[in-house]
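The structure appears right after this line, and notes come after that.
The values are calculated or read from the model by the stated rules, or taken from the named source; none is laboratory data. Everything numeric in this text was worked out from a predicted model, so none of it was measured. Glycine also receives a Cβ, built like all others from the backbone with ideal geometry; neighbour counts cover every protein chain displayed. We work out accessible area using only protein heavy atoms, side chains counted, and drop any ligands, DNA or RNA first. Shrake-Rupley method; radii C 1.70, N 1.55, O 1.52, S 1.80 Å.
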Amino acid sequence: MDIAKGCMTNKLLTTTKVEYVFVDCADPRGELDVVSGTLQAEFALVGGTLSMTLTATGTIVVRPNLVKLNLTFVDPIVIKITPLPGGSEVTYSGKFSLERPARVDPVDKTRGLGGTLTHDVLYQVVTGADGCLVIPKASWKTDFSLGGGATTFSLVNTITNYRRCPKLPRDKCPETGGSVRYARTGVVVGDALRAKPLGLTIDFLGGRVARFTPDGKPATTRDDVLVCTP
């Protein structure tokens, strides 16, 4: 946010909690037009772990490309950082929703528009002195509730035991043992792309080799999908 124009104020509520108030803050990169609302950040240091807990008092109004969205923190956003020998462990968790208020389609007056997206996320990322990046577990679930009476559906992603050494360069292939799962439940009436549940499991087998297993179909092992350096 372009806070240099004075669109944000902050105050210390306690010795560990800060409140930030945004009023019509513009994004100089042009990715968001306006953000307004109130955030509170509380900091703690327990047993060497630094944590920051973000909460919102009320709804935050976000306007990407002049479309009004209401951002609500369903659960606080919690970030924890624990130093490790030569690295750190970072966890990120929280749940928030984005609502586009219901409205009538200006062309088809019988069709309602709008809906709500709810995002529930957990990441655990570990780096160490060996230069490796490890994701013991990560998951994020996105629920869509669409306007006009369309069926709600969910998209769930999970990662387990992902490991890449070294973590840099970024194009390094993951090692054996990592897997990613994508699953979609529910359907959207009248949408051919979201008309049935889908699921896919990807197992990294080392280098560029990965095994793809769609739900209800045979697995396929390929070495020409990942763009990386073994």
Legend entry - Linear extension gain, residue 90 paired with residue 225, 0.36 nm per residue minus alpha-carbon span: 45.7 nm
Legend entry - Stokes-Einstein translational diffusion, the chain - Kirkwood Rh over all Cα pairs, 1.567 mPa s, 4 °C, in µm²/s: 62 µm²/s
Inset, instruction - Mind checking the full-extension length gain between residue 201 and residue 145? Use 0.36 nm per residue of separation minus the Cα-Cα distance, one decimal, nm. - result: 17.7 nm
Legend entry - Amide H within-cut-off set for residue 161, under 5 Å, with H built and near neighbours excluded: 137
Legend entry - Calculated FRET value between residue 74 and residue 129, using beta carbons and R₀ = 45 Å, to 0.05: 0.75
Inset, instruction - Return the carbon/sulfur percentage of the accessible area of the stretch 1-99, one whole number, probe 1.4 Å, all protein chains in place. - result: 59 percent
Inset, instruction - Taking H placed 1.01 Å from N in the peptide plane, check which residues at least 5 places from residue 33 or on another chain put their amide H under 5 Å from its amide H. - result: 63, 65, 66
Inset, instruction - Apply the Karplus parameterisation 6.51 cos²θ - 1.76 cosθ + 1.60, with θ equal to phi minus 60°, to every residue of the stretch 84-89 and state each ³J(HN,Hα) to the nearest whole Hz, in sequence, with x for glycine and proline. - result: 10, x, x, x, 6, 10
Inset, instruction - May I ask you to compute the full-extension gain from residue 185 to residue 117, defined as 0.36 nm times their residue separation minus their alpha-carbon distance, rounded to one decimal in nm? - result: 23.0 nm
